[in-house]
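Written out below as structure tokens is the structure these notes cover.
The values are calculated or read from the model by the stated rules, or taken from the named source; none is laboratory data. For clarity, every value in this text was computed on a predicted model and none was experimentally measured. A quick note on method: Cβ atoms are made from the backbone with ideal geometry, for glycine too, and the neighbour counts reach across all protein chains shown.
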Amino acid sequence: MLAPPAPYELQVAVARQWLHKRGINAEPTWFVATRLWSQAPASWEDFLNRHRVTVALLIGALMVATLTLQALDFSAAFALPFVVQAVVGSIWFHRTRVTAERRITAVLLRRAARPVAPKLLDFTTGWLVCAHVLADLGGLGLAAGLIAVGEVVTGSVLAGVVLCCLLLTAWQVTQALGRPTLAEDELSLLVDDRLRAGAVHGAAFPLAAAGLGLMAHFVDPFTFQPVLSGLAIAAFVCWAIGLRSVR
């Protein structure tokens, strides 16, 4: 029976596979292997295990708020858990990444500098912009339309959900662009660029499109429902195409 691989050997194997998938023909160094291993994504299970009391209190508060809004005949109350979960999840994953990067910085003997600071345009395509135009501007336009036909409460909730998602996306993208450069040579600098690109593209996910799809179940009149769903689907498609087309 074969013995399980040593921890460092496993890290090197994972790093080698990561580089190969991205067309980087190089053997991972110790630093690259350690850096990529530290990028293992946190999960909601980790959050639940570490913060059980906080999660219990948060769920209780959400249930009370949702039931209260339902008692007031406010069917769009189900949008509240979505927004809170998106905010809490984003802050948690950001803190997890920052903690991992601090551990890496502590063992970094020298740092390679990037001659030009990364800009949003370096990671953006027309498809990604289109996704946010459909989700954000389209959502705000529909909210204004709902308010115009007399659905003031539902339109206001839709506008609030879209604005919250837009602000959260902007914060995530800003954090991804501003993350420190952790590299000691050309290979680790290239890996840092790829990790930053992945972080920006993930942060640029059109959260408002998910809000549109959720609100489509609670919007009245019915004529707005297929429009909301159509905008959400179109935004997701544009984002997916843009993600594949980015180098």
I'd like to check something: does the range 143-166 contain any residue that is under 19 Å from V227 (Cβ atoms), crowded, with 18+ Cβ neighbours inside 10 Å and among the hydroxyl-bearing types (S, T, Y)? yes
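Looking at this structure, is R244 among the basic types (K, R), in a helix (DSSP H, G or I) and out of contact with any Pro (no Cβ under 8 Å at 6 or more places or on another chain)?
Criteria met by R244.
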Answer residue from the range 168-194, given it is surrounded by 19 or more Cβ atoms within 10 Å (Cβ to Cβ) and either under 24 Å from A240 (Cβ atoms) or among the acidic types (D, E) (or both) and is farthest from the chain's Cα centre (by Cα) among those: D192
Test: residue in the range 157-169 that is within 30 Å of L121 (Cα to Cα) and either touching a Lys or Arg at 6+ places or on another chain (Cβ under 8 Å) or among the polar types (S, T, N, Q) (or both): yes
Count - residues of the range 183-208 that are touching a Phe, Trp or Tyr at 6+ places or on another chain (Cβ under 7 Å) and in a loop (DSSP other than H, G, I, E, B): 3
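The rows are residues; the columns are (1) surrounded by fewer than 17 Cβ atoms within 10 Å (Cβ to Cβ); (2) more than 22 Å from the chain's Cα centre (by Cα); (3) more than 14 Å from T181 (Cα to Cα); (4) modelled with pLDDT of 65 or more.
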| position | (1), (2), (3), (4) |
| --- | --- |
| L69 | no, yes, yes, no |
| A86 | no, no, yes, yes |
| F93 | no, no, yes, yes |
| R103 | yes, yes, no, yes |
With the condition kept exactly as written, say whether any residue in the range 175-193 is free of Cβ contacts under 8 Å to residues at least 40 places away in the same chain and β-branched (V, I, T). no
